[in-house]
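Worksheet: the structure to be examined is printed underneath.
The values are calculated or read from the model by the stated rules, or taken from the named source; none is laboratory data. It should be emphasised that the depicted structure is a prediction, and the values quoted were computed from it without experimental measurement. Each accessible area value is taken on the protein alone, full model and side chains, heavy atoms only, with ligands, DNA and RNA left out. Shrake-Rupley method; radii C 1.70, N 1.55, O 1.52, S 1.80 Å.
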Amino acid sequence: MSRRPPSQVSPSPHAGPPEAQQVGNMPPGWQPGDHLFVDDIKKSFGATKVLHGITMHLRRTETAVIIGGSGAGKTTLLRLLIGLERPTTGHIWVDGVDMGALGDFEMNRMRQRFGMVFQYAALLDSLTIFDNVAFPLREHRKHMSKRDIRDKVVGMLNSLGLENKEDRMPSELSGGQRKRVGLARALMLEPEILIYDEPTSGLDPLTSRLVDDLIEETRARFKVTSVVISHDMASTFRIAHQAFLVIQGRVVASGTPDELAHGDNEQARQFIAASGVATDEVSRVNRPALADGTSGRVIEFRKAAE
Ligand SMILES: Nc1ncnc2c1ncn2[C@@H]1O[C@H](COP(=O)(O)OP(=O)(O)OP(=O)(O)O)[C@@H](O)[C@H]1O
């Protein structure tokens, strides 16, 4: 089995420009370390008020997990973050740039700074794995040669433990493998912010843990800022630097998962207790990032997911 060196997958050139951390030209309320600043967002659909003033500081190269019950407004928030919807009032600042002030052209460019990993991977069933992953490059990097596209796609698939899968169809892969294909596709345009929509939903506990590892490894290796929408409390404890509990369109608690579980916010303690997860026994993912494509972890993942 051939394995390509990981150097074929370059970390995002956008990740963490030091000048972006200056507070000088930043909006009021901006905090040093912020990558995204969600600034008092309200969202209504007609007469239905869904978000009632959400403020969040999403820090560069950290993982923020947004938790909350059904109908709390998480998906609406996600759609605002990636620019699919505009807030009714409030702002979303990316490196101090107000997304709401962008015209169509700039918004299109802004969207390329975001990668989206969809629930259930959302692969195109009629395309091979290669064509699924190459899709964003063919759409947005028209100058790239076929050979460069092939190298980049195959390099990424290999580095995620998907060697020799490029000619398969999505239906021929396991759920865990499809997740990794979805991640490979999201990483193609070298985003600086990765958004995951319920990444462990529908997976068994072992595969969920491996997806958590993958999220952490991806964060550390590509220096991305990660935002995860989740119902999975064990996963939240494993991957989150900070968690935001959203109830009925409001952030009612935020902090590290431990702070939420053991702090003085009653709603947070109850929400976590109701999940049934023994939080004291869930340890944070704390492994070094993949240093190279030969790490045993990829093999471990593949074995478990096949
Ligand atoms: N386009 C829309 N028009 C009207 N109401 C909407 C629209 N989109 C969402 N809503 C309403 O906003 C509320 C929040 O929905 P949302 O999908 O954001 O919640 P959620 O937290 O993602 O829920 P779940 O975890 O069940 O997916 C719901 O009451 C929903 O009916």
Ordering W93, W30 by accessible area with a probe of 1.4 Å, largest first, what comes out? W93, W30
Phi angles of region 263-278, converted by Karplus (6.51 cos²θ - 1.76 cosθ + 1.60, θ = phi - 60°) into ³J(HN,Hα) in whole Hz with x for Gly and Pro, give x, 9, 8, 4, 4, 5, 4, 5, 4, 5, 4, 5, 6, x, 7, 7
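Which percent of the accessible heavy-atom area of region 123-190 goes to carbon and sulfur, probe 1.4 angstrom? Spell out each step's value before the answer.
Working: 1380 of 2940 Å².
Answer for region 123-190 is 47 percent, counting heavy atoms of protein chains only.
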The rounded separation in angstrom of the Cα centers of region 213-232 and region 142-170 is 21 Å
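Could you give the accessible area per residue of region 123-190, probe 1.4 Å, as a whole number in Å²? Before the final figure, lay out each step's value.
Numbers: 2940 Å² over 68 residues.
For region 123-190, the per-residue accessible area is 43 Å².
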What per residue convex hull volume, in Å³, do the alpha-carbon atoms of region 123-190 yield? 75 Å³
Can you give the relative contact order of region 123-190 as a percent, counting alpha carbon pairs under 8 Å and 6+ residues apart? 50 percent
So how much slack lies between N108 and D204, counting 0.36 nm per residue of separation and subtracting their Cα-Cα distance, in nm? 30.9 nm
